[in-house]
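Chemist: Input: one structure, supplied below.
The values are calculated or read from the model by the stated rules, or taken from the named source; none is laboratory data. Because the structure is predicted, anything quoted here is derived from the model rather than measured. FYI the Cβ positions are ideal-geometry reconstructions off the backbone, even for glycines, and counts take in every protein chain you see.
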Amino acid sequence: MQKDVTGILIEFGNGSKEAYDELFTAVYDELREIAGKQLQHEQRHQTLSRTELVHEVFFKLVDKDQVDWKNRSHFFGVAAICMKQLLIDYARKKLTKKRGGDVVKQTYIDEIIPARKKAQQIINLDEALQKLHNINPRMAEVVDYRFFGGMTIEDTAEVMGISKNTVKRDWAKARGLLYKELQGHLK
């Protein structure tokens, strides 16, 4: 459903309490789709539901007082990046046992990455993305939207304000560079 998400975001940004409920209803299904794509990259037998991930991300997004939502594509692009960051933060937490040794606090995303190996893979990907960002920030942003957000080339172009051909070129180059970088982690 493509209700006027941009209009609702503007109302929400102006402090409308009614817009909060409208926004959740208007974006819920699409956020679940993005979450489903995120969870496809995880192990098949994880127990986290798309609904849980959507709720955690939505509450983080609407808690950001300083975000000036430009349009629906901007909102969904930021949502995808937020989901990615939750996964990375969780992976880092899994690999460090700073909080109480073996005692782990449970959150919605505690079951996304059941194995330390999977956590290390996500951290390796994040490190490779950071290197890519240092080389070419736009390419790294394309990867965030396309891979983590599952956004189409058209949506990515709209969010970033660049042409579809530029997105295609950046996507192809970024995948090649990330592949090479990740091969270094495997040796």
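Chemist: Go through (1) within 16 Å of the chain's Cα centre (by Cα); (2) within 16 Å of residue 88 (Cβ to Cβ); (3) in contact (Cβ under 8 Å) with a residue 24 or more places away in the chain one by one and return the number of the condition residue 141 breaks.
Modeler: Failing condition for residue 141: (3).
Chemist: Please go through the range 36-59 and pick out each residue that is surrounded by 14 or more Cβ atoms within 10 Å (Cβ to Cβ) and modelled with pLDDT of 80 or more.
Modeler: 54, 55, 56, 57, 58, listed by residue number.
Chemist: Next question. Name the residue that is modelled with the highest pLDDT, counting only residues in the range 12-23 that are surrounded by fewer than 17 Cβ atoms within 10 Å (Cβ to Cβ) and part of a helix (DSSP H, G or I).
Modeler: 18
Chemist: To continue, here is another question. Residues in the range 152-175 that are small (Gly, Ala, Ser) and either in contact (Cβ under 8 Å) with a residue 12 or more places away in the chain or in contact with a Lys or Arg (Cβ under 7 Å, 6 or more places away or on another chain) (or both): how many?
Modeler: Residues in the range 152-175 being small (Gly, Ala, Ser) and either in contact (Cβ under 8 Å) with a residue 12 or more places away in the chain or in contact with a Lys or Arg (Cβ under 7 Å, 6 or more places away or on another chain) (or both): 2 in total.
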